[in-house]
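Beneath this line is the structure, given in structure tokens, with notes to follow.
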Amino acid sequence: MKTYRPTSPSRRQMSGIKYRDFITKKDPEKSLVLGLHRAVGRNNRGRITTRHKGGGAKRLIRLVDFRFDKKNIPARLLAVEYDPGRTAFLGLLMYKDGEKRYIVIPKDVAPGREIIVSESAPLLAGNRLPLKNIPVGTFIYNIALAPEGKAALVRSAGSFAELLAHDSGYALIKLPSGEVRKVLAAAWASIGQVSNDENNLVVIGKAGRSRLMGIRPTVRGSAMNPVDHPYGGGEGRQLRGTRRPKNKWGRGTRGVKTRNPKKYSNKLIISRRTKN
């Protein structure tokens, strides 16, 4: 981790990642980037549907391969790159047929390594196999939910899932949240733990850095007016004044289950998550 000289109260607590220790290429591959206007929390009608988003430094969108449809073709890792749109590092792959692609790379993989997507791939970090061919106890990431589906689970920095068992066409997987669920054994996953595992130790430190990241301020409900929040109003500081905690729209918070009881994948969940 990188720390800073305490030239101000906020600077004293600030920390960051030593990117020079990991990143080997500064500028992105031109054929794999896209200039795109970000939605910043708004829907197709321009209404805010996710609060506290907006502004931020300009960024180019990296086109990351999550489908891994180039099977049985070895690729060499050319470089490790930074992606402003995600917490994990990206790896620039050069396939044997000359095509280049970005992937989310695992921890402790250096340029020059060969990576392959194959049913008979070696059990090395970065390689991708069907779940049925991965032994129990292996750490995995970039997990697909369908045999030809794209990687959907476990993609953020430092995260990993553990393969617990194989059971009649399904694999039992323990996710980072603690949830244990079934995934089709014919679905694919990558070996290893996602890179940049120190990301959760970063202290943003000051409001200006949050704004550069595209995060807008969060205001306490008790600081609002009664028209804006159930906790608003009153002379001076007031207690909550309601029997149960609730959000801006009056819906319950703190321990209230928000998952749809009719969600299609409920039957695949063996035990619920343990982390909030």
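Every number here is computed from the coordinates shown, using simple stated rules; none is lab data. Quick caveat, the model's predicted, so the values are computed rather than measured. Don't worry about glycine lacking a Cβ; one is built from the backbone with ideal geometry, like all the others, and counts go over all protein chains shown.
Here are some notes:
- Global size of region 164-243: 22.6, 63 Å for Rg and Dmax (C-alpha atoms, Rg to one decimal, Dmax whole).
- Evaluated over the Cα positions of region 94-156, the convex hull gives a direction-averaged projected area, one quarter of its surface, of 5.0 nm².
- Most mobile of 239, 129, 163 in a GNM of the chain (Cα contacts under 10 Å): 239
- Alpha carbon convex hull of region 19-200, projected area averaged over orientations, nm²: 11.7
- Filtered GluC sites (Glu not before Pro), region 138-189: DSSP coil and at most 13 other beta carbons within 10 Å: 148
- Radius 11 Å from Cβ of residue 156, net charge of other residues (Lys, Arg +1; Asp, Glu -1): +1
- Lys, Arg +1 and Asp, Glu -1 on Cβ, resulting dipole of the chain about Cα centre, debye, nearest 20: 1720
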